[in-house]
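The values are calculated or read from the model by the stated rules, or taken from the named source; none is laboratory data. What you see is a predicted model, and the numbers here were worked out from it, not measured in a lab. Because the Cβ atoms are built from the backbone with ideal geometry, glycine has one as well, and the counts that use them run over all protein chains shown. Accessible surface areas use protein heavy atoms only, side chains included; no ligands, DNA or RNA. Shrake-Rupley method; radii C 1.70, N 1.55, O 1.52, S 1.80 Å.
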Amino acid sequence: MKNILVTKALLPPYEEYCEMIKPLWESHWLTNMGEYHQQLEKELKKYLQAERLSLFCNGHMALELVLQAMGLEGEVITTPFTFVSTTHAIVRNGLTPVFCDIEKDTYTIDVDKIEELITDKTCAILPVHVYGNMCNVEKIEEIAKKHHLKVIYDAAHAFGVTYKGNPAGNFGDASMFSFHATKVYNTIEGGAVVFSDKELEEKLYWLKNFGIESEEDITYIGSNAKMNEFAAVMGLCNLKQIEWAIKERKRVYEQYRKYLENVSGIKLCHVKKEQESNYSYMPILVEKEFGQDRNQVYDKLKEKGIFARKYFYPITNKLECYGMKFNRGNTPIAEYVSENILTLPIEPLLQNDEIEWICKTLLER
Ligand SMILES: *Cc1c(COP(=O)(O)O)cnc(C)c1O
C-alpha cells in the first residue's frame, strides 16, 4: 500500500483552474481586491448566508485583525484545546488569554466553567468549534449578553457546518474561517471573517491593507493580509465541489464508524444532534482499555505508511513560547484529551479499502 497522509488538499479540475486564471494575463491585476476577490466574497456570502464577509490571506490574520478591529483590551476567555493560532492571535493583540476547560464529549469550551473566569478585565470570549463540532452557541450568547462581552468564534474547522439549519458563521459578533490547503475547503491559503456590524466592514478592509483609508490617509496601524487573485480563483473553483466533498467525507466517516464504533478503548467524537457536520477530521480518543496508548498507535500506523496526527497536541496553555507569562489555568480535561487524541486520515478521495486497511492496522495488537 502507498503512504496515506492525514489529509489531501481539495483541487478542482486542472483545466478549469487554468481557464479561469487566463484573464489575469490580460489585466495584470493580481491582488489588491481584484475582480475574482470580489466575486469570491459575494459567493461565499451566499454559501455561508452571511450578512457581511471579509477575505484574508489566511485564517490567522483574519482572526488577528478582527480582534484588532474590535479594539479589545484586557482578558479573553478561550480554550487551550486548539491550534496555536487562536492563542497567538490573542497574545499578539496585547490581550491576556484566560484558559477555560473543555467538554468531555465534544471537546469544545465548557460553558459551565466560563462564568467563574470572568473578571472586571474580561472583554471577550473566543471559543473554538472543534473538528466540525460547534460550541454551545446558545449558552455562550446568554453569558456574553449578561456580562456585555464580545464573542469571536474560531470557526476554522466549521466551514459548511450548520446548527439548526443556521450556518456556523452566524453566531457571536464575528467568526473566523480558515481556507488553508488542509481544511475542508481551501483557497490554497486564505481565510475570512463573517460578521454583521457595518463599522467592522470598513475597518477590516483598511486593516488588511496597511490601514490605508485613501491614498494619503493612513488611519490605522494595519497589516498586509489581502487575498490574491490566484487564491480567489482556487476558492471559486473549489466552492463548486464543496457539497460533493462533504458528502464524500461523510462516507469516509461512516466507514470508520463501522469498524471502530464498538471497539473497547476507542472513543469516537460525539456529533451533536441538530447539527450538520462537515466531517473535517476523524478524531479517536485512545483510552486505557485499548491496551496501547495514543503514541503507540501513532507509531504503529506510521510504520505502515499511515500518517495520523496528534491534533491538538500540545494544548496551548502549555506552549513553551509563553513561558510563565500567563496563568495556565486548570484544564485537566483538555490535557487528557490532547494526550490521548489521534486524528485519522480523512479526505473525499479516501477509498473504502484504504479505510479498511487503516482500521485493520489500528486494531492489530
Ligand atoms: C487552521 C486553523 C487556524 C489558522 O488558519 P490558517 O488559515 O492556517 O492561518 C486557526 N485556528 C484553528 C482551530 C485552525 O484549525
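How much length is gained if the chain between Y311 and K360 is pulled fully straight, taking 0.36 nm per residue apart and subtracting their Cα-Cα distance, in nm to one decimal?
15.5 nm
I'd like the distance between the alpha-carbon centres of the stretch 1-62 and the stretch 66-112, rounded to an integer number of Å.
28
Any lysines with Cα under 19 Å of the K139 Cα? List them, leaving off those in the same chain fewer than 8 positions away.
Straight-distance partners of K139: K104, K113, K150, K164, K272, K273.
Under 17 Å from the 7 Å Cα→Cβ point of K46, by amide nitrogen: which residues of the stretch 243-286?
The answer is 243-244, whose backbone nitrogens lie closer than 17 Å to the label point.
Looking at C321, P283, Q241, which one has the Cα that reaches farthest to the positive end of the dipole of the stretch 220-365 (charges on Cβ: Lys, Arg +1; Asp, Glu -1)?
Towards the positive end, the residue furthest out is C321.
Using a probe of 1.4 angstrom, how much of the accessible area of the stretch 212-365 is carbon and sulfur, in percent?
About 48 percent, which is the carbon plus sulfur part of the accessible surface.
Quick one: dipole size for the chain, taken about the Cα centre, charges +1 on Lys/Arg Cβ and -1 on Asp/Glu Cβ, in debye to the nearest 20.
1100
Once both labels are modelled 7 Å past Cα along the beta-carbon direction, what's the E73-E141 spacing in nm?
Roughly 3.0 nm, to one decimal.
Counting pairs of alpha carbon atoms under 8 Å apart in space and at least six apart in sequence, what relative contact order in percent does the stretch 206-365 give?
24
How many Å² of accessible area per residue for the stretch 77-122, probe 1.4 Å?
38
Averaged per residue, what accessible area in Å² does the stretch 249-337 show with a 1.4 Å probe, protein chains only?
I get 54 Å² per residue for this part.
Over the stretch 1-98, what percent of the accessible surface lies on carbon and sulfur atoms, probe 1.4 Å?
With neighbouring chains kept in place, the figure for the stretch 1-98 is 54 percent.
Where the centre of each part is set by its Cα atoms, how far does the stretch 332-365 sit from the stretch 129-185, in angstrom?
25
Check each of the chymotrypsin sites (Phe, Trp or Tyr not before Pro) in the stretch 293-365 and keep only those in coil by DSSP with at most 15 other C-beta atoms within 10 angstrom; list them in order.
F307, Y311
By the scheme Lys and Arg +1, Asp and Glu -1, what is the net charge of all other residues having a beta-carbon under 9 Å from that of Y313?
Summing Lys/Arg as +1 and Asp/Glu as -1 gives +2.
Counting pairs of alpha carbon atoms under 8 Å apart in space and at least six apart in sequence, what relative contact order in percent does the chain give?
Value for the chain: 23 percent.
Note down the nm distance, to one decimal, between modelled labels 7 Å out along Cα→Cβ at T182 and at Q296.
Spacing of the two 7 Å Cα→Cβ label points: 2.6 nm.
Binning at 20 angstrom from zero up to the longest distance, how are the C-alpha pair distances of the chain distributed in percent?
The distribution over the chain is 29, 57, 14, 0, given as percents.
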